[in-house]
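Everything below concerns the one structure shown next.
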Amino acid sequence: MKKLIAVLMVVLLCSPIFAVEYKLGPYDTLELEVVNHPELKTKQTVTPDGQASLPLLGVIPIEGQTLQILQQTLTEKYAAYLKNPQLTINLTPKPIYIVQYDLNKDVWEVKAAKSVDEAQAFAGLDPTLSIEHGKVYKVTMSKKPDWWESNWYKVITATAVLVGIYSSVK
(Lines give C-alpha, C1' and ligand atoms only; values in the text may rest on other atoms or scores of the structure.)
Protein backbone atom coordinates (compact mmCIF):
# COMPACT_ATOMS: atom_id res chain seq x y z
CA MET A 1 0.00 0.00 0.00
CA LYS A 2 2.83 2.40 0.88
CA LYS A 3 4.50 1.69 -2.46
CA LEU A 4 1.27 2.47 -4.31
CA ILE A 5 0.90 5.78 -2.48
CA ALA A 6 4.55 6.64 -3.18
CA VAL A 7 4.13 5.85 -6.89
CA LEU A 8 0.95 7.95 -7.07
CA MET A 9 2.71 10.87 -5.37
CA VAL A 10 5.61 10.70 -7.84
CA VAL A 11 3.22 10.53 -10.81
CA LEU A 12 1.17 13.47 -9.54
CA LEU A 13 4.19 15.62 -8.78
CA CYS A 14 5.75 14.90 -12.17
CA SER A 15 2.55 15.43 -14.12
CA PRO A 16 2.12 18.51 -16.30
CA ILE A 17 -0.69 19.71 -14.04
CA PHE A 18 1.95 21.22 -11.76
CA ALA A 19 4.15 22.55 -14.56
CA VAL A 20 4.00 26.31 -14.95
CA GLU A 21 3.74 27.31 -18.58
CA TYR A 22 5.71 30.28 -19.85
CA LYS A 23 3.49 33.34 -20.25
CA LEU A 24 4.30 35.71 -23.06
CA GLY A 25 5.18 39.26 -22.18
CA PRO A 26 6.77 42.44 -23.48
CA TYR A 27 10.04 42.03 -25.39
CA ASP A 28 9.47 38.34 -26.18
CA THR A 29 10.25 37.68 -29.84
CA LEU A 30 7.88 35.49 -31.85
CA GLU A 31 8.51 33.97 -35.27
CA LEU A 32 5.20 33.12 -36.89
CA GLU A 33 4.90 31.02 -40.02
CA VAL A 34 1.71 29.90 -41.75
CA VAL A 35 2.29 26.69 -43.72
CA ASN A 36 2.04 27.22 -47.52
CA HIS A 37 1.78 31.00 -47.06
CA PRO A 38 5.33 32.42 -47.07
CA GLU A 39 3.94 35.95 -47.43
CA LEU A 40 2.58 35.68 -43.87
CA LYS A 41 5.93 34.74 -42.30
CA THR A 42 6.90 37.34 -39.73
CA LYS A 43 9.19 37.94 -36.77
CA GLN A 44 7.71 40.25 -34.15
CA THR A 45 8.76 41.50 -30.75
CA VAL A 46 5.94 41.97 -28.27
CA THR A 47 5.61 45.69 -27.56
CA PRO A 48 5.86 47.14 -24.04
CA ASP A 49 2.05 47.33 -23.93
CA GLY A 50 1.80 43.58 -24.70
CA GLN A 51 0.73 43.61 -28.35
CA ALA A 52 2.12 42.50 -31.71
CA SER A 53 1.27 43.41 -35.29
CA LEU A 54 0.65 40.36 -37.46
CA PRO A 55 -0.05 40.10 -41.20
CA LEU A 56 -3.78 40.01 -42.06
CA LEU A 57 -4.75 40.32 -38.39
CA GLY A 58 -3.29 43.68 -37.46
CA VAL A 59 -2.46 44.50 -33.85
CA ILE A 60 -3.50 41.82 -31.38
CA PRO A 61 -2.92 41.41 -27.62
CA ILE A 62 -0.26 38.80 -26.78
CA GLU A 63 0.77 39.45 -23.18
CA GLY A 64 -0.21 36.83 -20.60
CA GLN A 65 -0.96 34.07 -23.12
CA THR A 66 0.85 30.76 -23.27
CA LEU A 67 2.16 29.50 -26.61
CA GLN A 68 -0.60 26.89 -26.76
CA ILE A 69 -3.37 29.46 -26.22
CA LEU A 70 -1.75 31.86 -28.69
CA GLN A 71 -1.57 29.09 -31.30
CA GLN A 72 -5.28 28.32 -30.85
CA THR A 73 -6.24 32.00 -30.98
CA LEU A 74 -4.21 32.72 -34.11
CA THR A 75 -5.49 29.58 -35.85
CA GLU A 76 -9.07 30.73 -35.22
CA LYS A 77 -8.32 34.27 -36.42
CA TYR A 78 -6.49 33.12 -39.57
CA ALA A 79 -9.35 30.66 -40.32
CA ALA A 80 -11.44 33.72 -41.26
CA TYR A 81 -9.00 34.37 -44.15
CA LEU A 82 -7.49 30.94 -44.91
CA LYS A 83 -8.80 27.39 -45.21
CA ASN A 84 -7.39 25.14 -42.43
CA PRO A 85 -4.43 27.33 -41.43
CA GLN A 86 -1.49 25.54 -39.85
CA LEU A 87 0.81 27.72 -37.82
CA THR A 88 4.23 27.32 -36.29
CA ILE A 89 5.33 29.71 -33.59
CA ASN A 90 8.89 29.94 -32.34
CA LEU A 91 9.63 31.88 -29.19
CA THR A 92 12.79 33.69 -28.16
CA PRO A 93 12.16 34.72 -24.55
CA LYS A 94 13.30 38.07 -23.25
CA PRO A 95 16.78 37.87 -21.73
CA ILE A 96 17.62 37.78 -18.04
CA TYR A 97 19.97 40.59 -17.10
CA ILE A 98 22.70 40.06 -14.54
CA VAL A 99 24.27 43.29 -13.25
CA GLN A 100 27.55 42.47 -11.55
CA TYR A 101 29.60 44.79 -9.41
CA ASP A 102 33.18 43.65 -8.85
CA LEU A 103 34.44 45.23 -5.64
CA ASN A 104 38.08 44.36 -6.35
CA LYS A 105 38.10 46.11 -9.73
CA ASP A 106 35.39 48.68 -8.88
CA VAL A 107 33.65 47.87 -12.17
CA TRP A 108 30.00 47.33 -13.18
CA GLU A 109 29.22 44.75 -15.83
CA VAL A 110 25.86 43.89 -17.43
CA LYS A 111 25.36 40.44 -18.95
CA ALA A 112 22.29 39.22 -20.83
CA ALA A 113 21.58 35.55 -20.21
CA LYS A 114 19.43 33.62 -22.67
CA SER A 115 18.42 30.93 -20.19
CA VAL A 116 17.96 30.45 -16.46
CA ASP A 117 20.98 28.11 -16.35
CA GLU A 118 23.17 30.69 -18.07
CA ALA A 119 22.00 33.38 -15.63
CA GLN A 120 22.89 31.19 -12.67
CA ALA A 121 26.32 30.51 -14.19
CA PHE A 122 26.96 34.23 -14.77
CA ALA A 123 25.89 35.23 -11.30
CA GLY A 124 27.02 32.23 -9.30
CA LEU A 125 23.57 32.20 -7.75
CA ASP A 126 22.01 29.53 -5.61
CA PRO A 127 20.34 27.00 -8.01
CA THR A 128 17.24 26.95 -5.81
CA LEU A 129 16.70 30.69 -6.38
CA SER A 130 13.75 31.38 -8.66
CA ILE A 131 15.05 33.22 -11.73
CA GLU A 132 12.60 34.52 -14.33
CA HIS A 133 13.00 35.79 -17.87
CA GLY A 134 12.89 39.54 -18.29
CA LYS A 135 14.07 40.27 -14.75
CA VAL A 136 17.20 42.10 -13.63
CA TYR A 137 19.36 40.61 -10.87
CA LYS A 138 22.08 42.57 -9.10
CA VAL A 139 25.06 40.59 -7.85
CA THR A 140 28.08 41.85 -5.92
CA MET A 141 31.18 39.87 -6.80
CA SER A 142 34.11 39.27 -4.45
CA LYS A 143 34.72 41.41 -1.39
CA LYS A 144 36.32 44.77 -0.75
CA PRO A 145 40.09 44.57 -0.97
CA ASP A 146 41.90 44.55 2.36
CA TRP A 147 45.30 46.21 2.29
CA TRP A 148 46.80 43.94 4.97
CA GLU A 149 45.45 40.78 3.33
CA SER A 150 47.01 41.74 0.00
CA ASN A 151 50.37 42.94 1.39
CA TRP A 152 51.16 41.07 4.63
CA TYR A 153 53.97 39.07 3.09
CA LYS A 154 55.60 42.25 1.72
CA VAL A 155 55.53 43.85 5.16
CA ILE A 156 57.04 40.77 6.83
CA THR A 157 59.67 40.40 4.09
CA ALA A 158 60.63 44.09 4.31
CA THR A 159 60.84 43.87 8.11
CA ALA A 160 63.10 40.78 7.88
CA VAL A 161 65.35 42.53 5.36
CA LEU A 162 65.60 45.64 7.54
CA VAL A 163 66.39 43.53 10.63
CA GLY A 164 69.02 41.65 8.63
CA ILE A 165 70.61 44.86 7.37
CA TYR A 166 70.52 46.40 10.85
CA SER A 167 72.07 43.35 12.51
CA SER A 168 74.86 43.06 9.89
CA VAL A 169 75.68 46.78 10.16
CA LYS A 170 75.83 46.63 13.95
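Data for the structure
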read-out	value
Yes/no for Thr88 being of a type in the set (Val, Ile, Thr), modelled with pLDDT of 90 or more and closer than 28 Å to Ile131 by Cα	yes
Answer from Glu118, Glu132, Glu109 - the residue that is modelled with pLDDT of 75 or more, surrounded by 13 or more Cβ atoms within 10 Å (Cβ to Cβ) and not in a strand (DSSP E or B)	Glu118
Cross-chain or 6+ apart pairs with Cβ under 8 Å, segment 104-120 first and touching a residue at least 12 places away in the same chain (Cβ under 8 Å), then among the hydroxyl-bearing types (Ser, Thr, Tyr) and part of a strand (DSSP E or B)	Val110/Tyr97; Lys111/Tyr97; Ala112/Tyr97; Ala113/Tyr97; Ala119/Tyr137
Subset tally (residues that are under 18 Å from Tyr22 (Cβ atoms) and assigned to a strand (DSSP E or B)) for segment 52-89	5
Residue in segment 9-16 that is at pLDDT below 90, farther than 26 Å from Lys138 by Cα, hydroxyl-bearing (Ser, Thr, Tyr) and not assigned by TED's automatic domain parsing to the domain that holds Glu132 present	yes
Segment 139-155 residues that are surrounded by 10 or more Cβ atoms within 10 Å (Cβ to Cβ) and among the β-branched types (Val, Ile, Thr), paired with ones that are in a helix (DSSP H, G or I) and modelled with pLDDT of 60 or more (beta carbon under 7 Å, 6 or more apart)	Val139/Ala123
Complete set of residues in segment 33-85 that are loosely packed, with under 13 Cβ neighbours inside 10 Å and either on the phi > 0 side of the Ramachandran plot or touching a residue at least 12 places away in the same chain (Cβ under 8 Å) (or both)	Val35, Asn36, Glu39, Lys43, Pro48, Asp49, Gly58, Gly64, Gln68, Asn84
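The values are calculated or read from the model by the stated rules, or taken from the named source; none is laboratory data. Computed from a predicted model, the values in this text were never measured in an experiment. Neighbour counts run over all protein chains shown; Cβ positions are idealised from the backbone, glycine included.
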